[in-house]
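Have a look at the structure below before the remarks.
The values are calculated or read from the model by the stated rules, or taken from the named source; none is laboratory data. If you're wondering where the values come from, they're calculated on a predicted model, not measured in any experiment. Every residue, glycine among them, receives a Cβ derived from its backbone with ideal geometry; neighbour counts consider all protein chains shown. Areas reflect the complete protein model, heavy atoms only, side chains present, ligands, DNA and RNA absent. Shrake-Rupley method; radii C 1.70, N 1.55, O 1.52, S 1.80 Å.
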Amino acid sequence: MMSHQCGLAAFSRTASVFDHEDCVRALEETVPAWQPPEHGYHPHTYGVMLDELMLRLTGERLWRYWEECIRKPLNLDFYIGLPESEWNRVATLYPGKMDMSNMGTPFYLEYMNKGTPVNRAFNTLIGLNSVRQMNTPEAWVYGVPAFGGVASARGMAQFYQACLGLDELRVFPSDVRGWMRNVVIDGPDLTLKTPTAFSCGFMHDPADPATGRKLRHLFGSGGFGHAGAGGSHAFADPAHGLSFGYAMNRMDLNVLPGVKTRNLISAVMKEVAGECS
């Protein structure tokens with residue numbers, strides 16, 4: 001489930017992100033679209049699955065565990081369920097301009113056609129499908145994973161320092177950090193229509209199966225992290241003890257980090273390489 005192999009990237013019907021119980025019922029009614037070892041990014045249903053798993057294991061929603069066991073101890077500027085005291089700090093999101101050069105890619109050819117698996121993966125969970133809907137207190141406070149994170153770039157980078165075990169509290173045990181670092185699946189992504197690689201919960205750069213060389217360089221030197229909606233991005237680079245966070249309010253329409261984000265990553269890694277040489 002945490003490496004996007006369970007075939008539930010889309011519901012068989014629509015359900016509201018603000019109705020967790022109905023989302024769970026929709027999951028239960030959905031026949032998996034594939035079986036492992038095939039995989040495809042679960043952009044929206046992933047949060048519902050994690051939330052319900054947490055609820056069944058602990059009796060509490062995931063946001064409460066995050067707040068008490070991770071955010072507060074580390075004093076992270078990274079909330080799942082934003083308190084009203086922080087509302088005035090939230091930047092307004094603005095939709096990005098359509099880049100027509102992307103429209104011929106396999107992802108967008110499917111995404112733009114209603115009813116295709118890719119289109120359904122991004123549209124069967126409703127309620128936060130537009131920038132306008134994201135710019136509301138209702139979106140900020142609800143606290144559903146995969147949708148409810150509100151953070152500064154510094155907050156994301158601080159979280160990834162903890163993922164490297166560089167926080168004083170060591171909130172993540174070494175075996176959990178191993179699950180973050182170790183790739184579980186690497187290959188064609190049935191949702192994003194491009195190669196992707198995942199550990200348990202984190203993206204990695206996919207590798208060419210013939211040569212082993214990285215096909216992208218979004219996560220530093222063998223690092224892990226995650227791309228976010230609109231071009232936001234964060235990752236940890238264990239080789240350099242580096243963590244990176246980038247947030248924007250003018251959204252990019254690329255499904256993976258666009259030129260601006262990639263240029264920032266390249267500049268950071270060039271600086272790191274210069275310091276190490």
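Quick notes on this structure:
- Lysines with Cα under 19 Å of K72, excluding same-chain neighbours fewer than 8 positions away: none
- 12 Å beta-carbon shell around L166, net charge (K/R +1, D/E -1): -1
- Surface calculation, 1.4 Å probe, protein heavy atoms: K260 sits at approximately 120 Å² accessible.
- The accessible area of M269, taken with all protein chains in place and a 1.4 Å probe, comes to roughly 40 Å².
- Within-14-Å neighbourhood charge of D22 [Cβ basis; K, R +1; D, E -1]: -4
- Accessible-area composition of segment 1-134, carbon plus sulfur, in percent [1.4 Å probe]: 56
- Shown here: P(r) over Cα pairs in 10 Å bins from 0, in percent, derived from the displayed model; of the candidates [x] 6, 25, 33, 25, 9, 1; [y] 6, 21, 20, 14, 11, 10, 9, 6, 2, 0; [z] 6, 27, 39, 23, 4, 0, it corresponds to [z].
- By accessible area with a 1.4 Å probe, ligands and nucleic acids excluded, highest first: order of S221, S174: S174, S221
- Accessible area of the chain divided out per residue, in Å², using a probe of 1.4 angstrom: 51
- Cα centroid of segment 19-54 to Cα centroid of segment 142-198, whole Å: 19
- R250 accessible area, assembled protein chains, probe 1.4 Å, Å²: 130
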